[in-house]
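Presented below is the structure to which this report refers.
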Amino acid sequence: EEILVFEAADNGRSWSSWQMVGKHLKTDEDAMLAVQQELLLRTGYTCKNWVYLGAFVIDETQKDGAGYYFCAKVAEKTLVSDEKHSQNLKLKWVAKQEIKQALLDGRVAVINHALAISLAILMCNNND
């Protein structure tokens, strides 16, 4: 079992970070449709089997501070991704055991991405 991540370049920092596909929603934008479109645009993958992982407040001081989390199970490559939307990001498949280690060693440095990965591991077990 593998998980698709973006490896962000260090951009002058002394570290890089693994990230998940995501985006900020526009007012009244459907979260499920938005994540499906973003997955296709940034990676060239589509998925018919999605698991809703929940909605969580990201920043309680912001009016649009909720994050909606989904897991795409068994994604398939259907298009060549649009490179300009993934600048400084390298797409890679990572074994589940390695991603678990990355949560502990700092390769997943942003809490929102760590939450998404943790929820996906917890809720998207292929044996369900």
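Looking at the stretch 6-28, which of the residues that are open to solvent by 50 Å² or more (accessible area, probe 1.4 Å), within 14 Å of ALA66 (Cα to Cα) and not hydroxyl-bearing (Ser, Thr, Tyr) is modelled with the highest pLDDT?
Only one residue fits best here, namely ASP28.
Cβ-Cβ under 7 Å, sequence separation 6+ or interchain: first residue in the stretch 105-126 and over 15 Å from TRP18 (Cα atoms), partner in a loop (DSSP other than H, G, I, E, B). Which pairs?
These pairs meet every condition: ASN126/GLU1.
The values are calculated or read from the model by the stated rules, or taken from the named source; none is laboratory data. Everything numeric here is computed off the predicted structure, so don't read it as measured data. Cβ atoms come from the backbone with ideal geometry, glycine included; neighbour counts cover every protein chain shown. Only protein heavy atoms, including side chains, enter the accessible area calculation; ligands, DNA and RNA are left aside. Shrake-Rupley method; radii C 1.70, N 1.55, O 1.52, S 1.80 Å.
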